[in-house]
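Presented below is the structure to which this report refers.
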Amino acid sequence: MPALRIALAQVNPCVGDIAGNAALVRDHAHAAAAAGAALVVFPEMVITGYPIEDLALRASFQRAAARAVDTLASDLEADGLGDLTVMVGTLGVAQSGRPFNQAAALRGGQVIAHYNKHHLPNYGVFDERRIFASGEDPCVVEVGGRRIGVVICEDIWVDGGPVEQVASANLDLLAVLNGSPFEEGKGRVRTDLARRRASEVGAPLAYVNLWGGQDDLVFDGHSFIVGADGAWLANAPGFDDALLVWDLPEADAPATQGEVVDFASDDQQVYLACVTGLRDYVLKNGFSSVILGLSGGIDSALTAAIAADALGGANVVGVSMPSSFSSEHSKDDAADLAKRIGADYRVEPIAAIVDAFQGQLALEGVAEENLQARVRGVILMGISNREGHLVIAPGNKSELATGYATIYDAGSIGGYAPLKDLDKTRVWDLARWRNAYATTHGEVEPIPVNSIEKPPSAELRPGQVDQDSLPPYDLLDEVLDAYVEHAEGRAELLARGFDEAVVDRVLQLVDRAEWKRRQYPPGPKVTALAFGRDRRLPITSRWRELS
(Lines give C-alpha, C1' and ligand atoms only; values in the text may rest on other atoms or scores of the structure.)
Protein backbone atom coordinates (compact mmCIF):
# COMPACT_ATOMS: atom_id res chain seq x y z
CA MET A 1 0.00 0.00 0.00
CA PRO A 2 1.20 3.55 -0.70
CA ALA A 3 2.15 6.03 1.98
CA LEU A 4 -0.77 7.80 3.69
CA ARG A 5 -0.51 11.35 4.94
CA ILE A 6 -2.31 11.92 8.23
CA ALA A 7 -2.86 15.07 10.26
CA LEU A 8 -3.53 15.53 13.97
CA ALA A 9 -5.55 18.69 14.63
CA GLN A 10 -4.73 20.00 18.11
CA VAL A 11 -7.48 22.55 18.79
CA ASN A 12 -9.13 24.49 21.61
CA PRO A 13 -12.93 23.96 21.65
CA CYS A 14 -15.39 25.47 24.11
CA VAL A 15 -17.87 23.45 26.15
CA GLY A 16 -21.40 23.94 24.83
CA ASP A 17 -20.43 25.93 21.73
CA ILE A 18 -21.42 23.21 19.27
CA ALA A 19 -21.69 25.51 16.25
CA GLY A 20 -18.38 27.21 17.00
CA ASN A 21 -16.62 23.91 17.57
CA ALA A 22 -17.97 22.46 14.32
CA ALA A 23 -16.70 25.55 12.49
CA LEU A 24 -13.31 25.03 14.15
CA VAL A 25 -13.22 21.46 12.83
CA ARG A 26 -14.25 22.58 9.37
CA ASP A 27 -11.48 25.19 9.21
CA HIS A 28 -8.80 22.75 10.34
CA ALA A 29 -10.07 20.08 7.96
CA HIS A 30 -9.42 22.54 5.14
CA ALA A 31 -5.91 23.13 6.48
CA ALA A 32 -5.30 19.37 6.64
CA ALA A 33 -6.49 18.90 3.07
CA ALA A 34 -4.28 21.77 1.92
CA ALA A 35 -1.36 19.96 3.54
CA GLY A 36 -2.15 16.86 1.48
CA ALA A 37 -3.64 14.75 4.29
CA ALA A 38 -6.04 11.88 3.56
CA LEU A 39 -6.99 11.56 7.23
CA VAL A 40 -7.33 14.23 9.90
CA VAL A 41 -7.97 13.26 13.52
CA PHE A 42 -9.46 15.65 16.08
CA PRO A 43 -9.49 15.27 19.88
CA GLU A 44 -12.05 13.69 22.19
CA MET A 45 -15.49 15.39 22.21
CA VAL A 46 -14.25 18.25 20.06
CA ILE A 47 -17.77 18.89 18.76
CA THR A 48 -19.24 19.49 22.21
CA GLY A 49 -16.19 20.57 24.16
CA TYR A 50 -14.92 18.59 27.13
CA PRO A 51 -15.85 17.86 29.86
CA ILE A 52 -19.55 18.44 29.25
CA GLU A 53 -20.69 16.79 32.49
CA ASP A 54 -24.51 16.74 32.77
CA LEU A 55 -25.01 18.54 29.46
CA ALA A 56 -24.60 15.05 28.01
CA LEU A 57 -27.88 14.02 29.63
CA ARG A 58 -29.95 16.78 28.00
CA ALA A 59 -31.91 15.48 25.00
CA SER A 60 -31.78 18.89 23.29
CA PHE A 61 -27.99 18.94 23.60
CA GLN A 62 -27.75 15.39 22.26
CA ARG A 63 -29.84 16.33 19.24
CA ALA A 64 -27.78 19.45 18.61
CA ALA A 65 -24.54 17.45 18.63
CA ALA A 66 -25.96 14.85 16.23
CA ARG A 67 -27.17 17.55 13.84
CA ALA A 68 -23.80 19.26 13.96
CA VAL A 69 -21.95 16.08 12.96
CA ASP A 70 -24.35 15.36 10.08
CA THR A 71 -24.19 18.97 8.89
CA LEU A 72 -20.39 18.97 9.16
CA ALA A 73 -20.19 15.86 6.98
CA SER A 74 -22.42 17.51 4.36
CA ASP A 75 -20.52 20.81 4.52
CA LEU A 76 -17.17 19.10 4.03
CA GLU A 77 -18.53 17.30 0.99
CA ALA A 78 -19.89 20.58 -0.37
CA ASP A 79 -16.50 22.18 0.25
CA GLY A 80 -14.86 19.64 -2.02
CA LEU A 81 -13.38 17.62 0.84
CA GLY A 82 -15.48 14.51 0.34
CA ASP A 83 -12.39 12.31 -0.07
CA LEU A 84 -10.87 13.48 3.20
CA THR A 85 -11.58 11.23 6.20
CA VAL A 86 -12.32 13.40 9.23
CA MET A 87 -12.39 11.77 12.65
CA VAL A 88 -14.04 13.78 15.42
CA GLY A 89 -14.95 13.28 19.05
CA THR A 90 -18.61 13.88 19.77
CA LEU A 91 -21.65 12.89 21.83
CA GLY A 92 -23.55 9.75 20.82
CA VAL A 93 -26.71 8.21 22.22
CA ALA A 94 -27.55 4.57 22.87
CA GLN A 95 -30.96 3.09 22.09
CA SER A 96 -31.60 3.19 25.83
CA GLY A 97 -31.13 6.96 25.79
CA ARG A 98 -27.81 6.87 27.69
CA PRO A 99 -25.15 9.05 26.07
CA PHE A 100 -21.88 7.75 24.63
CA ASN A 101 -18.50 9.45 24.56
CA GLN A 102 -18.09 8.82 20.85
CA ALA A 103 -15.76 9.12 17.89
CA ALA A 104 -17.27 9.54 14.43
CA ALA A 105 -15.49 9.12 11.10
CA LEU A 106 -16.81 11.35 8.29
CA ARG A 107 -16.22 10.89 4.57
CA GLY A 108 -18.16 11.43 1.37
CA GLY A 109 -20.79 13.60 3.05
CA GLN A 110 -21.79 11.05 5.67
CA VAL A 111 -20.77 9.32 8.88
CA ILE A 112 -19.04 6.09 7.87
CA ALA A 113 -18.21 4.71 11.32
CA HIS A 114 -18.80 5.22 15.04
CA TYR A 115 -16.75 4.17 18.03
CA ASN A 116 -17.99 4.42 21.61
CA LYS A 117 -15.47 4.83 24.42
CA HIS A 118 -15.16 1.61 26.45
CA HIS A 119 -13.36 2.63 29.63
CA LEU A 120 -14.99 5.50 31.51
CA PRO A 121 -12.76 7.18 34.11
CA ASN A 122 -14.35 7.78 37.48
CA TYR A 123 -11.51 9.20 39.58
CA GLY A 124 -9.96 12.58 40.24
CA VAL A 125 -11.54 15.14 37.92
CA PHE A 126 -13.51 12.53 35.96
CA ASP A 127 -17.12 11.46 36.48
CA GLU A 128 -17.81 9.65 33.21
CA ARG A 129 -19.16 6.38 34.57
CA ARG A 130 -22.15 8.19 36.04
CA ILE A 131 -22.86 10.04 32.79
CA PHE A 132 -21.98 7.80 29.85
CA ALA A 133 -22.75 4.27 28.73
CA SER A 134 -19.73 2.08 27.91
CA GLY A 135 -19.06 0.96 24.37
CA GLU A 136 -18.36 -2.67 23.61
CA ASP A 137 -17.31 -3.01 19.96
CA PRO A 138 -13.89 -2.24 18.46
CA CYS A 139 -13.55 0.06 15.48
CA VAL A 140 -11.27 -0.12 12.45
CA VAL A 141 -11.66 2.41 9.62
CA GLU A 142 -10.08 1.92 6.20
CA VAL A 143 -8.46 4.99 4.67
CA GLY A 144 -6.69 4.65 1.36
CA GLY A 145 -6.50 0.91 1.85
CA ARG A 146 -4.84 1.30 5.27
CA ARG A 147 -6.40 0.00 8.48
CA ILE A 148 -6.82 2.63 11.20
CA GLY A 149 -7.85 1.50 14.69
CA VAL A 150 -9.77 3.99 16.83
CA VAL A 151 -9.85 4.34 20.63
CA ILE A 152 -10.54 7.21 23.02
CA CYS A 153 -8.26 8.43 25.83
CA GLU A 154 -8.90 6.20 28.89
CA ASP A 155 -9.10 3.17 26.61
CA ILE A 156 -5.29 3.08 26.40
CA TRP A 157 -4.85 3.61 30.17
CA VAL A 158 -6.51 0.30 31.01
CA ASP A 159 -4.90 -3.02 30.12
CA GLY A 160 -6.93 -5.18 27.77
CA GLY A 161 -10.18 -3.82 26.40
CA PRO A 162 -10.32 -2.24 22.93
CA VAL A 163 -6.54 -2.06 22.46
CA GLU A 164 -6.32 -5.80 22.98
CA GLN A 165 -9.32 -6.30 20.69
CA VAL A 166 -7.66 -4.54 17.74
CA ALA A 167 -4.18 -5.93 18.40
CA SER A 168 -4.93 -8.85 16.05
CA ALA A 169 -6.67 -6.69 13.42
CA ASN A 170 -3.53 -6.11 11.33
CA LEU A 171 -3.56 -2.36 11.98
CA ASP A 172 -1.47 0.16 10.11
CA LEU A 173 -2.10 2.86 12.71
CA LEU A 174 -3.86 3.28 16.07
CA ALA A 175 -5.55 6.69 16.39
CA VAL A 176 -6.22 7.86 19.96
CA LEU A 177 -8.58 10.80 20.53
CA ASN A 178 -7.85 12.50 23.85
CA GLY A 179 -9.14 15.05 26.32
CA SER A 180 -6.29 14.60 28.79
CA PRO A 181 -5.87 17.43 31.32
CA PHE A 182 -2.51 18.89 32.20
CA GLU A 183 -0.69 17.85 35.31
CA GLU A 184 2.98 18.52 36.00
CA GLY A 185 5.02 15.47 34.99
CA LYS A 186 2.11 13.69 33.32
CA GLY A 187 3.56 14.04 29.82
CA ARG A 188 6.27 11.48 30.49
CA VAL A 189 3.69 9.00 31.77
CA ARG A 190 1.58 9.49 28.64
CA THR A 191 4.42 8.90 26.23
CA ASP A 192 5.67 5.79 28.04
CA LEU A 193 2.13 4.37 27.97
CA ALA A 194 1.69 5.17 24.28
CA ARG A 195 4.91 3.38 23.43
CA ARG A 196 3.66 0.24 25.20
CA ARG A 197 0.32 0.32 23.39
CA ALA A 198 2.00 0.86 20.01
CA SER A 199 4.13 -2.20 20.67
CA GLU A 200 1.07 -4.23 21.62
CA VAL A 201 -0.79 -3.47 18.38
CA GLY A 202 2.34 -3.65 16.24
CA ALA A 203 1.69 -0.29 14.58
CA PRO A 204 2.41 3.42 15.07
CA LEU A 205 0.18 5.24 17.56
CA ALA A 206 -1.13 8.75 16.85
CA TYR A 207 -2.14 10.63 20.01
CA VAL A 208 -4.11 13.86 19.51
CA ASN A 209 -5.05 15.92 22.55
CA LEU A 210 -7.18 18.96 23.29
CA TRP A 211 -5.56 22.14 24.46
CA GLY A 212 -7.05 25.12 26.27
CA GLY A 213 -8.71 25.97 29.54
CA GLN A 214 -12.16 24.89 30.65
CA ASP A 215 -13.06 26.15 34.12
CA ASP A 216 -10.42 24.67 36.45
CA LEU A 217 -9.08 22.14 33.94
CA VAL A 218 -6.30 22.94 31.49
CA PHE A 219 -5.59 20.74 28.48
CA ASP A 220 -2.05 20.99 27.21
CA GLY A 221 -2.10 19.46 23.74
CA HIS A 222 1.37 17.94 23.23
CA SER A 223 0.02 15.63 20.51
CA PHE A 224 2.50 13.09 19.18
CA ILE A 225 3.17 9.97 17.10
CA VAL A 226 5.28 7.01 18.21
CA GLY A 227 6.34 3.98 16.20
CA ALA A 228 5.60 0.34 16.97
CA ASP A 229 9.22 0.08 18.13
CA GLY A 230 8.81 3.07 20.45
CA ALA A 231 10.56 5.53 18.14
CA TRP A 232 9.58 9.17 18.62
CA LEU A 233 8.32 10.10 15.15
CA ALA A 234 6.62 13.50 15.46
CA ASN A 235 5.16 15.83 18.05
CA ALA A 236 3.40 19.17 18.45
CA PRO A 237 4.17 21.92 20.97
CA GLY A 238 1.97 22.36 23.99
CA PHE A 239 -0.62 25.03 24.82
CA ASP A 240 -1.24 26.15 21.25
CA ASP A 241 -3.06 25.26 18.05
CA ALA A 242 -1.15 22.77 15.93
CA LEU A 243 -1.65 20.68 12.83
CA LEU A 244 0.82 17.80 13.08
CA VAL A 245 1.32 16.21 9.66
CA TRP A 246 3.04 12.86 9.22
CA ASP A 247 3.35 10.27 6.47
CA LEU A 248 2.39 6.73 7.37
CA PRO A 249 4.88 4.77 5.23
CA GLU A 250 4.08 2.06 2.76
CA ALA A 251 3.34 -1.33 4.24
CA ASP A 252 6.50 -2.99 5.58
CA ALA A 253 8.55 0.17 4.95
CA PRO A 254 10.47 1.78 7.83
CA ALA A 255 8.72 4.56 9.73
CA THR A 256 9.35 8.06 8.47
CA GLN A 257 10.65 10.82 10.73
CA GLY A 258 8.32 13.78 11.05
CA GLU A 259 8.60 17.14 12.74
CA VAL A 260 9.91 16.99 16.30
CA VAL A 261 9.93 19.91 18.74
CA ASP A 262 11.53 20.12 22.16
CA PHE A 263 9.37 19.97 25.26
CA ALA A 264 9.29 23.06 27.43
CA SER A 265 10.74 22.84 30.95
CA ASP A 266 8.45 21.90 33.83
CA ASP A 267 8.46 25.51 35.04
CA GLN A 268 7.48 26.82 31.61
CA GLN A 269 4.72 24.23 31.21
CA VAL A 270 3.20 25.06 34.59
CA TYR A 271 3.41 28.77 33.82
CA LEU A 272 1.77 28.28 30.41
CA ALA A 273 -0.95 26.19 32.04
CA CYS A 274 -1.74 29.09 34.38
CA VAL A 275 -1.74 31.56 31.48
CA THR A 276 -3.96 29.30 29.37
CA GLY A 277 -6.38 28.62 32.19
CA LEU A 278 -6.81 32.30 32.99
CA ARG A 279 -7.08 33.47 29.39
CA ASP A 280 -9.70 30.91 28.41
CA TYR A 281 -11.72 31.37 31.60
CA VAL A 282 -11.87 35.11 30.94
CA LEU A 283 -12.63 34.90 27.22
CA LYS A 284 -14.96 31.90 27.29
CA ASN A 285 -17.03 33.65 29.95
CA GLY A 286 -17.41 36.76 27.84
CA PHE A 287 -14.93 39.07 29.59
CA SER A 288 -11.97 40.81 27.98
CA SER A 289 -10.13 42.30 30.98
CA VAL A 290 -9.29 41.59 34.60
CA ILE A 291 -8.75 43.57 37.77
CA LEU A 292 -6.73 42.71 40.87
CA GLY A 293 -5.15 44.36 43.87
CA LEU A 294 -1.43 45.08 43.60
CA SER A 295 0.21 44.91 47.03
CA GLY A 296 3.83 44.91 45.92
CA GLY A 297 4.15 41.32 47.09
CA ILE A 298 5.09 38.20 45.16
CA ASP A 299 1.60 36.70 44.78
CA SER A 300 -0.05 39.71 43.19
CA ALA A 301 3.09 40.31 41.10
CA LEU A 302 3.09 36.83 39.59
CA THR A 303 -0.69 36.90 39.12
CA ALA A 304 -0.46 40.22 37.27
CA ALA A 305 2.38 38.93 35.07
CA ILE A 306 0.32 35.85 34.17
CA ALA A 307 -2.67 38.09 33.39
CA ALA A 308 -0.56 40.33 31.16
CA ASP A 309 0.77 37.32 29.27
CA ALA A 310 -2.76 35.94 28.94
CA LEU A 311 -4.63 39.08 27.91
CA GLY A 312 -2.09 41.84 27.27
CA GLY A 313 -1.04 44.38 29.86
CA ALA A 314 -3.56 46.95 28.63
CA ASN A 315 -6.35 44.56 29.69
CA VAL A 316 -5.07 44.27 33.26
CA VAL A 317 -6.25 46.79 35.85
CA GLY A 318 -3.99 46.85 38.90
CA VAL A 319 -5.18 48.72 41.96
CA SER A 320 -2.90 49.72 44.84
CA MET A 321 -4.99 50.14 48.01
CA PRO A 322 -2.60 51.45 50.66
CA SER A 323 -3.46 51.72 54.33
CA SER A 324 -1.61 53.40 57.18
CA PHE A 325 0.39 50.16 57.57
CA SER A 326 1.48 49.94 53.92
CA SER A 327 5.22 50.40 53.48
CA GLU A 328 6.65 52.79 50.92
CA HIS A 329 8.52 49.96 49.24
CA SER A 330 5.27 48.04 48.76
CA LYS A 331 3.64 51.00 47.06
CA ASP A 332 6.73 51.56 44.93
CA ASP A 333 6.93 47.87 43.96
CA ALA A 334 3.26 47.85 42.94
CA ALA A 335 3.74 50.87 40.70
CA ASP A 336 6.94 49.41 39.24
CA LEU A 337 5.20 46.13 38.42
CA ALA A 338 2.33 47.91 36.65
CA LYS A 339 4.79 49.92 34.55
CA ARG A 340 6.75 46.81 33.58
CA ILE A 341 3.69 44.90 32.33
CA GLY A 342 1.87 47.91 30.87
CA ALA A 343 -1.12 47.62 33.20
CA ASP A 344 -3.78 50.24 33.89
CA TYR A 345 -2.52 51.30 37.33
CA ARG A 346 -4.66 53.04 39.91
CA VAL A 347 -4.31 54.04 43.55
CA GLU A 348 -7.30 53.87 45.91
CA PRO A 349 -6.36 54.63 49.56
CA ILE A 350 -8.55 52.78 52.03
CA ALA A 351 -8.12 54.87 55.20
CA ALA A 352 -11.32 56.93 54.83
CA ILE A 353 -13.44 53.86 54.13
CA VAL A 354 -11.93 51.94 57.05
CA ASP A 355 -12.54 54.93 59.34
CA ALA A 356 -16.19 54.99 58.28
CA PHE A 357 -16.61 51.35 59.18
CA GLN A 358 -14.75 51.83 62.45
CA GLY A 359 -16.98 54.74 63.36
CA GLN A 360 -19.88 52.33 63.19
CA LEU A 361 -18.31 49.09 64.45
CA ALA A 362 -15.23 49.99 66.55
CA LEU A 363 -13.49 46.70 65.74
CA GLU A 364 -10.26 45.62 67.42
CA GLY A 365 -7.49 43.04 66.95
CA VAL A 366 -7.88 40.54 64.12
CA ALA A 367 -11.35 41.85 63.28
CA GLU A 368 -9.84 45.30 62.66
CA GLU A 369 -7.06 43.79 60.53
CA ASN A 370 -9.54 41.80 58.47
CA LEU A 371 -11.70 44.88 57.94
CA GLN A 372 -8.84 46.50 56.02
CA ALA A 373 -8.49 43.43 53.81
CA ARG A 374 -12.25 43.23 53.13
CA VAL A 375 -12.49 46.91 52.25
CA ARG A 376 -9.98 46.21 49.49
CA GLY A 377 -12.22 43.44 48.21
CA VAL A 378 -15.20 45.81 48.13
CA ILE A 379 -13.21 48.36 46.14
CA LEU A 380 -12.23 45.80 43.52
CA MET A 381 -15.79 44.51 43.19
CA GLY A 382 -17.11 48.07 42.89
CA ILE A 383 -14.74 48.91 40.03
CA SER A 384 -15.52 45.53 38.44
CA ASN A 385 -19.27 46.25 38.52
CA ARG A 386 -18.75 49.73 37.11
CA GLU A 387 -16.35 48.83 34.30
CA GLY A 388 -16.93 45.14 33.55
CA HIS A 389 -13.58 43.62 34.49
CA LEU A 390 -13.37 40.13 35.97
CA VAL A 391 -11.82 40.22 39.44
CA ILE A 392 -9.02 37.68 39.89
CA ALA A 393 -7.65 36.42 43.20
CA PRO A 394 -3.87 36.17 43.81
CA GLY A 395 -3.97 33.64 46.66
CA ASN A 396 -1.72 30.56 46.50
CA LYS A 397 -2.14 26.92 47.54
CA SER A 398 -0.17 27.25 50.78
CA GLU A 399 -2.47 30.04 51.98
CA LEU A 400 -5.52 28.16 50.80
CA ALA A 401 -4.39 24.99 52.56
CA THR A 402 -3.83 26.69 55.91
CA GLY A 403 -6.62 29.23 55.72
CA TYR A 404 -4.05 32.03 55.90
CA ALA A 405 -6.29 34.48 54.09
CA THR A 406 -9.16 36.76 54.99
CA ILE A 407 -12.33 35.46 53.43
CA TYR A 408 -13.91 38.02 51.03
CA ASP A 409 -10.75 40.11 50.85
CA ALA A 410 -8.79 41.19 47.78
CA GLY A 411 -6.83 37.94 47.89
CA SER A 412 -9.81 35.60 47.78
CA ILE A 413 -12.71 37.26 45.97
CA GLY A 414 -13.40 37.20 42.27
CA GLY A 415 -14.00 34.84 39.42
CA TYR A 416 -10.68 33.05 39.00
CA ALA A 417 -7.50 32.33 40.97
CA PRO A 418 -4.49 31.69 38.71
CA LEU A 419 -2.17 30.59 41.57
CA LYS A 420 -4.71 28.39 43.35
CA ASP A 421 -2.79 25.14 42.77
CA LEU A 422 0.72 26.58 43.28
CA ASP A 423 2.31 26.43 46.70
CA LYS A 424 4.25 29.44 47.88
CA THR A 425 7.69 28.09 47.05
CA ARG A 426 6.44 27.28 43.52
CA VAL A 427 5.21 30.86 43.20
CA TRP A 428 8.75 32.08 43.83
CA ASP A 429 10.13 29.49 41.38
CA LEU A 430 7.81 30.63 38.59
CA ALA A 431 8.48 34.31 39.26
CA ARG A 432 12.22 33.71 38.91
CA TRP A 433 11.63 31.58 35.79
CA ARG A 434 9.47 34.29 34.18
CA ASN A 435 12.09 36.95 34.79
CA ALA A 436 14.85 34.70 33.47
CA TYR A 437 12.77 33.96 30.36
CA ALA A 438 12.34 37.70 29.78
CA THR A 439 16.09 38.26 30.11
CA THR A 440 16.98 35.54 27.60
CA HIS A 441 14.41 36.90 25.13
CA GLY A 442 15.49 40.54 25.37
CA GLU A 443 12.38 41.61 27.28
CA VAL A 444 11.87 43.68 30.41
CA GLU A 445 11.65 41.50 33.50
CA PRO A 446 7.96 41.74 34.47
CA ILE A 447 8.37 41.17 38.21
CA PRO A 448 10.37 43.59 40.41
CA VAL A 449 13.24 41.81 42.13
CA ASN A 450 12.23 43.37 45.42
CA SER A 451 8.84 41.62 45.23
CA ILE A 452 10.65 38.30 44.96
CA GLU A 453 13.25 38.88 47.64
CA LYS A 454 11.44 40.67 50.47
CA PRO A 455 9.70 38.71 53.27
CA PRO A 456 5.99 38.24 52.47
CA SER A 457 3.56 40.25 54.59
CA ALA A 458 -0.14 41.12 54.59
CA GLU A 459 0.79 44.49 56.14
CA LEU A 460 -2.33 44.65 58.29
CA ARG A 461 -0.39 45.73 61.41
CA PRO A 462 3.04 47.27 62.04
CA GLY A 463 5.98 44.97 61.25
CA GLN A 464 3.77 42.00 60.29
CA VAL A 465 5.29 39.11 58.29
CA ASP A 466 3.74 35.80 57.30
CA GLN A 467 6.10 33.82 59.51
CA ASP A 468 4.48 35.39 62.57
CA SER A 469 1.62 32.95 61.94
CA LEU A 470 3.09 30.17 59.80
CA PRO A 471 6.23 28.01 59.69
CA PRO A 472 8.83 29.06 57.09
CA TYR A 473 7.34 28.40 53.66
CA ASP A 474 9.96 25.87 52.59
CA LEU A 475 9.13 23.77 55.66
CA LEU A 476 5.38 24.43 55.45
CA ASP A 477 5.21 23.39 51.81
CA GLU A 478 7.12 20.20 52.48
CA VAL A 479 4.62 19.23 55.19
CA LEU A 480 1.67 20.25 53.01
CA ASP A 481 2.97 18.22 50.09
CA ALA A 482 3.14 15.11 52.26
CA TYR A 483 -0.22 15.67 53.95
CA VAL A 484 -2.29 16.97 51.03
CA GLU A 485 -0.71 15.57 47.88
CA HIS A 486 0.49 12.25 49.27
CA ALA A 487 -2.25 11.74 51.89
CA GLU A 488 0.20 10.98 54.68
CA GLY A 489 -1.15 11.11 58.22
CA ARG A 490 0.31 12.42 61.44
CA ALA A 491 2.23 9.22 62.20
CA GLU A 492 3.88 9.19 58.77
CA LEU A 493 4.82 12.86 59.05
CA LEU A 494 6.43 12.33 62.45
CA ALA A 495 8.25 9.28 61.11
CA ARG A 496 9.73 11.50 58.41
CA GLY A 497 11.31 13.58 61.16
CA PHE A 498 9.10 16.66 61.10
CA ASP A 499 8.81 18.49 64.42
CA GLU A 500 5.71 17.41 66.34
CA ALA A 501 4.60 20.95 67.10
CA VAL A 502 4.90 21.94 63.42
CA VAL A 503 2.96 18.86 62.28
CA ASP A 504 0.15 19.42 64.75
CA ARG A 505 -0.09 23.11 63.92
CA VAL A 506 -0.16 22.56 60.14
CA LEU A 507 -2.70 19.73 60.31
CA GLN A 508 -4.94 21.79 62.54
CA LEU A 509 -4.80 24.75 60.17
CA VAL A 510 -5.50 22.61 57.10
CA ASP A 511 -8.39 20.67 58.62
CA ARG A 512 -10.11 23.78 59.95
CA ALA A 513 -9.85 25.78 56.71
CA GLU A 514 -12.07 23.64 54.48
CA TRP A 515 -14.96 26.09 54.84
CA LYS A 516 -12.77 28.81 53.36
CA ARG A 517 -11.56 26.61 50.52
CA ARG A 518 -15.15 25.80 49.55
CA GLN A 519 -15.79 29.50 48.89
CA TYR A 520 -12.65 30.14 46.88
CA PRO A 521 -12.79 30.85 43.13
CA PRO A 522 -11.76 28.16 40.64
CA GLY A 523 -8.21 28.10 39.39
CA PRO A 524 -6.09 26.00 37.01
CA LYS A 525 -5.32 22.49 38.22
CA VAL A 526 -1.62 21.82 37.63
CA THR A 527 -0.80 19.19 40.28
CA ALA A 528 -2.03 15.68 40.94
CA LEU A 529 -4.29 16.89 43.75
CA ALA A 530 -5.90 20.31 43.63
CA PHE A 531 -8.28 21.83 46.13
CA GLY A 532 -11.82 21.99 44.86
CA ARG A 533 -11.71 19.40 42.08
CA ASP A 534 -10.34 16.35 43.83
CA ARG A 535 -9.60 17.15 47.46
CA ARG A 536 -11.66 17.83 50.54
CA LEU A 537 -10.56 17.71 54.15
CA PRO A 538 -12.46 17.77 57.46
CA ILE A 539 -13.92 21.07 58.52
CA THR A 540 -12.99 20.32 62.13
CA SER A 541 -11.63 17.38 64.06
CA ARG A 542 -14.39 18.04 66.61
CA TRP A 543 -17.23 17.02 64.28
CA ARG A 544 -17.80 13.80 66.24
CA GLU A 545 -18.27 15.77 69.47
CA LEU A 546 -20.69 18.14 67.79
CA SER A 547 -22.83 15.53 66.05
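Ranking Trp515, Trp433 by solvent-accessible area of protein heavy atoms (1.4 Å probe, all protein chains present), from largest to smallest, gives Trp515, Trp433.
Can you compute the helix-only [θ] at 222 nm over the chain? Use -39500 (n - 2.57) per DSSP H run of at least 4 residues, normalise by all residues, nearest 500 deg cm²/dmol.
Mean residue ellipticity at 222 nm (helix-derived): -11500 deg cm²/dmol.
For segment 229-369, the Stokes-Einstein estimate of translational diffusion at 37 °C and a viscosity of 0.692 mPa s comes to 172 µm²/s, using the Kirkwood hydrodynamic radius over alpha-carbon pairs.
So how do Met381, Met321 rank on accessible area, 1.4 Å probe, biggest first, that is with the largest at the start?
Order by accessible area, largest first: Met381, Met321.
Suppose we flag trypsin sites (Lys or Arg not before Pro) only when DSSP calls them loop and at most 11 other Cβ atoms lie within 10 Å. Which is the longest uninterrupted stretch of the chain?
That would be 1-517.
For segment 321-435, taking the reciprocal of the average inverse distance between every pair of different Cα atoms yields a Kirkwood hydrodynamic radius of 15.6 Å.
Across the chain, the longest run free of exposed loop sites, meaning GluC sites (Glu not before Pro) lying outside DSSP classes H, G, I, E and B with no more than 10 other Cβ atoms within 10 Å, spans 137-363. In terms of distances greater than 18 angstrom between alpha carbons, the cross-link table entries Lys186/Lys284; Lys186/Lys516; Lys284/Lys397; Lys397/Lys516; Lys331/Lys454; Lys424/Lys525 yield Lys186/Lys284; Lys186/Lys516; Lys284/Lys397. What does the charge add up to near Ala167, with Lys and Arg as +1, Asp and Glu as -1, over the other residues with Cβ less than 11 Å from its Cβ? Taking every Cβ under 11 Å from that of Ala167, the sum is -1.
In sequence order, segment 121-134 has phi-based couplings of x, 9, 9, x, 7, 9, 9, 6, 5, 6, 9, 9, 8, 8 Hz under the Karplus curve 6.51 cos²θ - 1.76 cosθ + 1.60, θ = phi - 60°, and Gly or Pro positions carry x. Orientation-averaged projection of segment 111-210 equals 6.8 nm² [convex hull of Cα atoms, one quarter of hull surface area]. Of the solvent-accessible surface of the chain, computed with a 1.4 Å probe over protein heavy atoms with every protein chain present, carbon and sulfur atoms account for 50 percent. For Ser289, the residues 5 or more places off, or on other chains, whose built amide H falls under 5 Å of its own are Leu390.
For Leu106, the residues whose modelled amide H falls within less than 5 Å of its own, excluding neighbours fewer than 5 places apart on the same chain, are Val86, Met87, Val88, Ile112. With N counted as the residues of segment 175-234, its alpha-carbon radius of gyration over 2.2 N^0.38 Å works out to 1.14. Residues in the chain average 40 Å² of solvent-accessible surface per residue, probe 1.4 Å, ligands and nucleic acids excluded.
The values are calculated or read from the model by the stated rules, or taken from the named source; none is laboratory data. As the structure is a computational prediction, the values presented were derived from the model and not from experiment. Cβ sites come from the backbone with ideal geometry, for glycine too, and all protein chains shown count toward neighbours. Heads up: the accessible areas ignore ligands, DNA and RNA and are worked out on the full protein's heavy atoms, side chains in. Shrake-Rupley method; radii C 1.70, N 1.55, O 1.52, S 1.80 Å.
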